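Structure record follows, encoded as structure tokens.
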Amino acid sequence: MMIRTGTALLAFAVSACLMPALGQTSGLAFPKNVTAGSAFTIPTNGAGRATLYVAGPSEVFKRDVQLGQPLVFSASDLDHAGHYLAVLVSDSSTETSEFDVVPASQPADLTFLARPSRLPVDLQNGITGAVYLFDPFQNLIVKPTPVSFELSVPSGATQTRTATTNEGAAWTEMNSATKEGSGKFVAQAGNISATRIIQQVPGDPCGLKMTARKVGDKLDLVTDPLRDCNGNAVSEGTIVTFTESWNGGETTVDVPVKHDVAEVQVPAYNGARISVATGVVMGNEIRWEGQ
Amino acid sequence: MIRPLPIFLLAVSATLAAAQGSVKVEPTTLQGPRPLARQTETSAIRDYLEAWQNLSAALDQNRPDLLSEGFVGTAMEKFTATIDEQSKLGLHARYQVRSHDIKIIFYSPEGLSIQLVDNIEYDEQLLNQEKVLATQPMHARYVAVLTPTEVRWKVRVLQAESQ
């Protein structure tokens with residue numbers, strides 16, 4: 001859109017080789033789109049001096065103009081994407097124009113949000129990642145751009161996903177690996193990548209089982225090595241609960257896993273029933289008959 | 001996820017709505033696995049509209065301090081730089097928004113960002129001291145990324161797209 005006031009109108013011819021697309025065909029002829037951080041030139045007609053103002057929320061500048069001379073914009077003049085108003089004020093007229101500065105297409109930075117940082121193994125779609133892509137001037141690259149996501153673990157298959165950004169954003173979901181360990185979660189667009197570490201820890205114990213043997217006047221209770229359903233040793237310190245019931249009495253002991261097993265000594269009551277559990281996982285039950 | 005949300009005016013106060021011009025919210029069409037609760041949607045749009053008011057006032061009065069309530073990060077830095085430059089040049093700009101047409105398009109899976117697009121019609125007036133240099137009716141499509149803070153959503157990216 002262009003508004004003219006005054007009688008001495010400035011007529012600007014446009015150099016086609018320098019102008020990708022024009023917002024208008026006469027007057028203050030800015031390109032419709034200017035790529036952020038690019039140099040461009042606008043030829044001007046007329047004579048005398050004028051002042052050019054370019055204003056948008058993200059950038060503003062003012063420049064003295066010699067009419068009849070080309071307006072030269074260097075690469076550093078306009079590098080913030082947005083919609084701009086240009087105003088050319090001379091003694092006899094004011095002209096306005098609108099144009100857009102669009103982001104550069106080459107990613108220079110990406111914001112990578114990955115969650116969670118720690119989760120159990122073998123969880124379907126348990127890991128999510130989202131990225132926002134930015135050009136060298138911190139403009140959000142809204143043009144659809146491919147992004148690859150890769151989750152690798154030291155002892156497992158690498159998962160790969162690809163996505164295309166929509167308005168600068170892309171996301172994905174990944175399964176946690178079946179083996180515990182630190183996973184590298186990488187998002188990449190062009191030559192830019194960001195890495196997050198995802199700690200994959202064992203899941204709940206699978207097949208919790210204990211045995212009992214008499215040691216003096218006590219019972220020594222010890223679990224088999226605790227593993228999750230994928231064979232990963234459960235974390236040291238996982239609490240295992242032993243419960244002994246006899247003639248209306250009951251004793252409960254919480255024991256942390258140490259070197260893959262939980263072990264405790266309890267009084268050896270004849271006829272006692274002893275159970276074991278950890279979290280929501282129940283183990284076997286033993287009835288002690290004084291063997 | 002597509003929710004059959006009718007076009008509605010959110011619970012935006014009458015004062016706010018009047019200052020912002022008309023506000024239309026399109027049905028949310030989300031990409032991503034995380035559902036967006038109505039309360040979250042309402043809060044984000046309310047905070048986004050208030051951020052626009054903050055921006056308009058800050059650019060008109062050349063007061064970067066007015067930005068902090070609605071903006072963080074890149075948006076805050078860019079608009080602060082603009083205001084500093086306006087002050088140096090003796091300029092200020094008035095953005096009188098006539099209408100917003102907003103659509104939320106992305107709620108990131110971990111819940112740490114909301115993205116929306118907004119077709120805005122506004123008048124931009126550029127002034128040198130108090131002399132009006134130009135007034136231009138504008139139409140632009142903005143994309144915004146909001147992130148949660150302790151008490152509100154703040155705008156981290158606000159950028160007009162080419163149409």
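In region A:87-107, the condition of being among the acidic types (Asp, Glu) and free of Cβ contacts under 8 Å to residues at least 40 places away in the same chain is met by no residue.
Restricting region B:146-163 to residues that are of a type in the set (Lys, Arg) and over 14 Å from A:Ser58 (Cβ atoms), which is nearest to the other protein chains (Cβ to nearest Cβ)? Taking the candidates together, the pick is B:Lys154.
Only residues that are acidic (Asp, Glu) and within 8 Å of chain B (Cβ to nearest Cβ) were counted in region A:100-143, giving 1. Exactly one residue among A:Asn139, A:Asn191, A:Asn175 is in contact with a His (Cβ under 8 Å, 6 or more places away or on another chain) and either at positive phi or not assigned by TED's automatic domain parsing to the domain that holds A:Ala268 (or both), and that residue is A:Asn139. A Cβ distance below 9 Å, combined with a sequence gap of six or more or placement on separate chains, defines the contacts here; from region A:61-75, residues that are closer than 15 Å to A:Phe30 by Cβ reach residues that are in a loop (DSSP other than H, G, I, E, B) and polar (S, T, N, Q) in the pairs A:Val65/A:Thr44; A:Pro70/A:Ser15; A:Pro70/A:Thr44; A:Leu71/A:Thr44; A:Phe73/A:Ser38.
Within region B:21-61, being within 17 Å of B:Ser113 (Cβ to Cβ) and assigned to a loop (DSSP other than H, G, I, E, B) holds for B:Thr28, B:Leu30, B:Gly32, B:Pro33, B:Arg34, B:Pro35, B:Leu36, B:Ala37.
Figure legend. Inter-residue proximity from region B:121-145: first residues more than 7 Å from every other protein chain (Cβ to nearest Cβ) and surrounded by fewer than 18 Cβ atoms within 10 Å (Cβ to Cβ), second residues at pLDDT 95 or above and part of a loop (DSSP other than H, G, I, E, B), beta-carbon distance below 8 Å, spacing 6+ or different chains. Indicated pairs: B:Asn128/B:Gly90; B:Gln129/B:Gly90. Within region B:103-117, the residues that satisfy the criterion of being in contact with a Phe, Trp or Tyr (Cβ under 7 Å, 6 or more places away or on another chain) and closer than 15 Å to A:Thr111 by Cβ are B:Ser108, B:Pro109, B:Ile114, B:Gln115. Considering only residues that are of a type in the set (Val, Ile, Thr) and modelled with pLDDT under 95, which ones fall in region A:222-239? Across region A:222-239, the qualifying residues are A:Val234, A:Thr238, A:Ile239.
Residue check: A:Pro146 meets all listed conditions (1) at pLDDT below 95; (2) more than 13 Å from chain B (Cβ to nearest Cβ) but one, namely (1). Highlighted here are the strands (runs of 3 or more DSSP E) found entirely within region A:185-273 that include at least 1 residues which are touching a residue at least 24 places away in the same chain (Cβ under 8 Å) and within 27 Å of A:Pro154 (Cβ to Cβ): A:192-201.
Across region A:175-184, what is the total count of residues that are small (Gly, Ala, Ser) and not in a strand (DSSP E or B)?
2
Inside region B:84-112, residues that are outside any helix (DSSP H, G or I) and either hydrophobic (A, V, I, L, M, F, W, C) or at the interface with another protein chain (Cβ under 7 Å from one of its Cβ atoms) (or both) make up a count of 11. Annotation: B:Ser68 fulfils all but one of (1) in contact (Cβ under 8 Å) with a residue 24 or more places away in the chain; (2) away from chain A (no Cβ under 11 Å); the unmet one is (1).
Yes/no matrix, rows are residues, columns are (1) in contact with a strand residue (DSSP E or B) (Cβ under 7 Å, 6 or more places away or on another chain); (2) buried (at least 16 other Cβ atoms within 10 Å of the Cβ); (3) farther than 18 Å from A:Thr195 by Cβ; (4) in contact (Cβ under 8 Å) with a residue 60 or more places away in the chain:
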{"residue": "A:Thr128", "(1), (2), (3), (4)": "yes, yes, no, no"}
{"residue": "A:Val131", "(1), (2), (3), (4)": "yes, yes, no, yes"}
{"residue": "A:Asn139", "(1), (2), (3), (4)": "yes, yes, yes, yes"}
{"residue": "A:Ala169", "(1), (2), (3), (4)": "yes, yes, yes, no"}
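A single member of B:Ala57, B:Ala37, B:Ala81 is farther than 24 Å from A:Asn139 by Cβ, within 14 Å of chain A (Cβ to nearest Cβ), of a type in the set (Gly, Ala, Ser) and surrounded by fewer than 18 Cβ atoms within 10 Å (Cβ to Cβ), and it is B:Ala57. If you go through region A:154-174 and keep only what is within 11 Å of chain B (Cβ to nearest Cβ) and not in a strand (DSSP E or B), you end up with A:Thr165, A:Glu167, A:Gly168. Does region A:42-50 include one or more residues that are within 14 Å of chain B (Cβ to nearest Cβ) and buried (at least 18 other Cβ atoms within 10 Å of the Cβ)? Among the residues of region A:42-50, at least one is within 14 Å of chain B (Cβ to nearest Cβ) and buried (at least 18 other Cβ atoms within 10 Å of the Cβ), which makes the answer yes.
When the residues of region B:146-156 are filtered to those that are in contact (Cβ under 8 Å) with a residue 24 or more places away in the chain and in a loop (DSSP other than H, G, I, E, B), the one that is surrounded by the fewest Cβ atoms within 10 Å (Cβ to Cβ) is B:Thr149.
The values are calculated or read from the model by the stated rules, or taken from the named source; none is laboratory data. Keep in mind the model is a prediction, meaning the values are calculated, not measured. Quick reminder, even Gly has a Cβ in these numbers, built from the backbone with ideal geometry, and neighbours come from all protein chains shown.
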